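The values are calculated or read from the model by the stated rules, or taken from the named source; none is laboratory data. Everything quoted here is computed from the prediction, not taken from an experiment. Virtual Cβ from ideal backbone geometry, glycine too; neighbours counted across all protein chains shown. The accessibility values were calculated without ligands, DNA or RNA, using every heavy atom of the protein model including side chains. Shrake-Rupley method; radii C 1.70, N 1.55, O 1.52, S 1.80 Å.
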Amino acid sequence: MTAPPSRDRDRPVGSGSRLGVRARVLLVVVSLSALGLLLAGLLAFVAQSRAVDAQIDQALNQTVSEFQQLAVEGTDPETGTSFTDARALIYATMQLSIPTTNEGMIGIIGDRIALTAPPAVSLRLEDDPELVAALADASQGERIVLRTLTTSQRTYRFAVIPVHVDGGGADGALVTGFDQDAEHARFNRVFRVYAYVALGAIAVVALAGAWISSRALRPITALRETAQVITESDLTRRIAVTGNDDLSELARTVNAMLDRLEDAFVSQRRLLDDVGHELRTPVTIVRGHLELMDPDDPADARATRDIAMGELLRMQRLVDDLMTLATVAHPDFVRRTPTDVGRLTDDMLDVLRPLASRRWIVDARATSTLLVDPQRITQAIVQLAANAVRYSADGSTIAVGSAVADGRLRFWVRDEGVGIAPEDASRVFERFVRGDRGRSAHDGAGLGLAIVSAIAQAHGGRARVESAPGVGSTFTIDLPATPGPVPLPHQAGRTDGEDSGAQHDADEERNEQWPRS
């Protein structure tokens, strides 16, 4: 029997915590600040505590040194000679000593306290029974001892100095000590103040961290809000970007992604709208003729077949044009290569001659090697030439040309056709815009010039037209002249038959897939 799958496996990433990014950042900042202040306080407390203990030991050692010096060099005030009595030596030492705050002294003779500090001394060692009991055998010691003792009243740090005099008499001991708790309490007040200041600092860090994180994470908040309001029908919202940090760069990247998504959705909707709009008519025509066709009449069947084939061919050309326009935004729509513009102009003329019975000429040839996509440029020129054929008479002149001037590369197609009305000239490069003069109702779908404009824009340029009704039109593709590497000498010229057949076959293979309307 197998165990049921864990539900945690289906949990979305990041769902384990209910804290937002801002709260987590603030929590980390405040925690680290509090930890730093706590560690700093503890280290300072330990260091200061040890310093206080060192000061206490230094004072005790100083008293011991003074006692030893008095015992060796001092004289008994009563006899004027060296000390011969332990009590007298202890008494003289206590008389000469001035206890500091929280310091006390007692003198022990035998097993009892015989001498106490003056009343002005606040620390009364003799009043603590536990301490007195611990000092019962102090006079029996042989060496000076520094001790720490904790009683029910306080903690003492004291020195026991045994006194043995060669002149005889009872042995004694001098005990001098400090109230260690009181000494530590003096600087403990400082650390209580430090604790209050630390708490205030943490509060300031929390407020500052909340404000800074709010500003720093504002692009993420804007990103979330923008993502919430974006729908398939509205991709226009963008994130306001200020600054040059990483989050601002993230906002710019998301905006660029939204631009690409919007372009993709617009292109998709336009494609669907165009297909639905333009394919409805030929489908209706084919269906109507098939419904009215007499299958027993061979002539009617042939006529209906011809109409259906014509409409299907137009639908195929329309779909090809729409697919071409749908790929305009693709990165590989244009593939620039170093191209001899003059030779490309001649090659295009060879491709155009079979289109119709016209007088085909070259107005001018550029002599530069530039970076363009020769196949896309040829495709655009074929579209312009097909358009010129459609609107011109047999035997009229259609000219192509190329030129480089002022950093711009221009290709053009000039005809002697019917021309374009001024009110239509600004719209001819839009989709499904067709002229009405000099052509039949079934010529093309109005996408040829839109394809030309798309190819020009993909090269970083534009397409334009100059026309006069009854005189003719000149369509121009204006591109930036981007220099390419100079071709090798054996590649620069063109001789009869040298690669021309292969190049012509390649062009024809590409042109078979290009719509001519």
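In terms of accessible area, using a 1.4 Å probe and ignoring ligands and nucleic acids, 156, 391 rank largest first as 391, 156. Diagonalising the gyration tensor over the Cα atoms of region 79-143 and scaling each eigenvalue by 5 before taking the square root yields semi-axes of 20, 17, 9 Å, largest first. Residues 289, 459, 330 ordered from highest to lowest accessible area at a 1.4 Å probe: 330, 289, 459.
For residue 403, what is the net charge nearby, where nearby means another residue's Cβ is under 10 Å from its Cβ and Lys, Arg count +1, Asp, Glu -1? Present the calculation step by step, with values, prior to reporting the outcome.
Numbers: positive: 365, 408, 410; negative: 363.
Cβ neighbours under 10 Å give a net charge of +2.
Give me P(r) over region 341-405, computed from all C-alpha to C-alpha distances, binned every 10 Å, as integer percentages. Distribution as computed: 21, 55, 21, 3 percent. Solvent-accessible surface of region 208-251, taken per residue with a 1.4 Å probe and all protein chains present: 67 Å². A full extension of the chain between residue 193 and residue 361 corresponds to an added length of 50.7 nm, given 0.36 nm per residue minus the alpha carbon distance.
Overall, the accessible surface of region 232-363 at a probe of 1.4 angstrom is composed of carbon and sulfur to the extent of 55 percent.
The Cα center of region 376-403 and the Cα center of region 357-371 differ in position by 11 Å.
For region 135-231, carbon and sulfur atoms together expose 59% of the accessible surface, with a 1.4 angstrom probe and every protein chain in place. The amide H of residue 372, built 1.01 Å from its N in the peptide plane, has 337, 339 as neighbours under 5 Å, considering only residues 5 or more places off or on other chains.
Solvent-accessible area of residue 273, all protein chains in place: 100 Å² (probe radius 1.4 Å, heavy atoms, ligands and nucleic acids excluded). Phi-derived couplings, Karplus 6.51 cos²θ - 1.76 cosθ + 1.60 at θ = phi - 60°, listed residue by residue for region 61-69: 5, 5, 5, 4, 4, 5, 5, 4, 5 Hz, with x used for Gly and Pro.
Computed from the C-beta positions of residue 249 and residue 155 and an R0 of 60 Å, the FRET efficiency is 0.45 to the nearest 0.05.
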